[in-house]
Amino acid sequence: MLEGYDGSDTLLGDNDPEEQPAQENYEEPTEPAITLHALTGWTAPKTMRIAARIGSHDVIILIDSGSTHNFISERIANLLRLLVVPTKTFTVRFANGENLRCQGQFEEVQVDLQGTIFSLTFYSLPLIGLDVVLGIQWLELLGSVVCDWKQLTMEFLWENQTKKLIGIDGQDIRAASL
């Protein structure tokens, strides 16, 4: 357990990024949030890790319904030489009081999720143990999703075709520290 951790698994930012996804039935929080699991690479009941590709690089993605936005690790963003779109700097506050600064966003990043290509917007954070977090910002695009948590699969309709993502077994996850 992290020193000073109060049991909450959500991290909140100080300011709202300019672009917010809109949907009638979903009330967007006023601050960006990312779960503790997403920052450390741990899996939890509301998450699934999958293998994917961005450009020519293999990446590990955490699908996390507890995170409001899509995040990419600073390391991967630098490795891929993604074009930074300046945005209002905001801080994501970790439960133990540490702050993580997000200073840019990356737009129209082509992500290959096991054969299905998505063009997504990401915010940069110093993620540990994984490369990308796909949050509600991405999940809302899918509409209805059927998840089998035992088999680690996720099915949804995309461009009039049924798509299936297969998760990575979380047994090889190692403890991470901040």
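Would you check if there is a residue in the range 10-23 being at pLDDT 80 or above and out of contact with any helix residue (DSSP H, G or I) (no Cβ under 7 Å at 6 or more places or on another chain)?
No: the range 10-23 contains no residue that is at pLDDT 80 or above and out of contact with any helix residue (DSSP H, G or I) (no Cβ under 7 Å at 6 or more places or on another chain).
Any residue in the range 71-84 that is surrounded by 13 or more Cβ atoms within 10 Å (Cβ to Cβ), touching a Phe, Trp or Tyr at 6+ places or on another chain (Cβ under 8 Å), modelled with pLDDT of 60 or more and within 19 Å of Ile136 (Cβ to Cβ)?
Yes, the conditions are met somewhere in the range 71-84.
Suppose we keep only residues that are small (Gly, Ala, Ser) and part of a loop (DSSP other than H, G, I, E, B) within the range 30-60. Which one would you say is modelled with the lowest pLDDT?
The selected residue is Gly41.
For every residue, the table says whether it meets (1) at pLDDT below 80; (2) surrounded by 14 or more Cβ atoms within 10 Å (Cβ to Cβ).
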{"residue": "Phe106", "(1), (2)": "no, yes"}
{"residue": "Gln110", "(1), (2)": "no, no"}
{"residue": "Phe122", "(1), (2)": "no, yes"}
{"residue": "Thr153", "(1), (2)": "no, yes"}
{"residue": "Leu157", "(1), (2)": "no, no"}
{"residue": "Ile166", "(1), (2)": "no, no"}
{"residue": "Ala175", "(1), (2)": "yes, no"}
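Can we say Thr91 is out of contact with any strand residue (DSSP E or B) (no Cβ under 9 Å at 6 or more places or on another chain) and either β-branched (Val, Ile, Thr) or modelled with pLDDT of 80 or more (or both)?
no
Name the strands (runs of 3 or more DSSP E) wholly within the range 61-162 that hold at least 1 residues that are of a type in the set (S, T, N, Q)?
The strands (runs of 3 or more DSSP E) meeting that bar are 71-73, 85-93, 99-113, 116-125, 153-158.
Of these, Ile136, Ile128, which one is modelled with pLDDT under 95, within 28 Å of Lys164 (Cβ to Cβ) and either surrounded by fewer than 22 Cβ atoms within 10 Å (Cβ to Cβ) or in contact with a strand residue (DSSP E or B) (Cβ under 7 Å, 6 or more places away or on another chain) (or both)?
After ruling out the rest, the residue left standing is Ile136.
The values are calculated or read from the model by the stated rules, or taken from the named source; none is laboratory data. Keep in mind that what you see is a predicted model, and the values were worked out from it rather than measured. Glycine also receives a Cβ, built like all others from the backbone with ideal geometry; neighbour counts cover every protein chain displayed.
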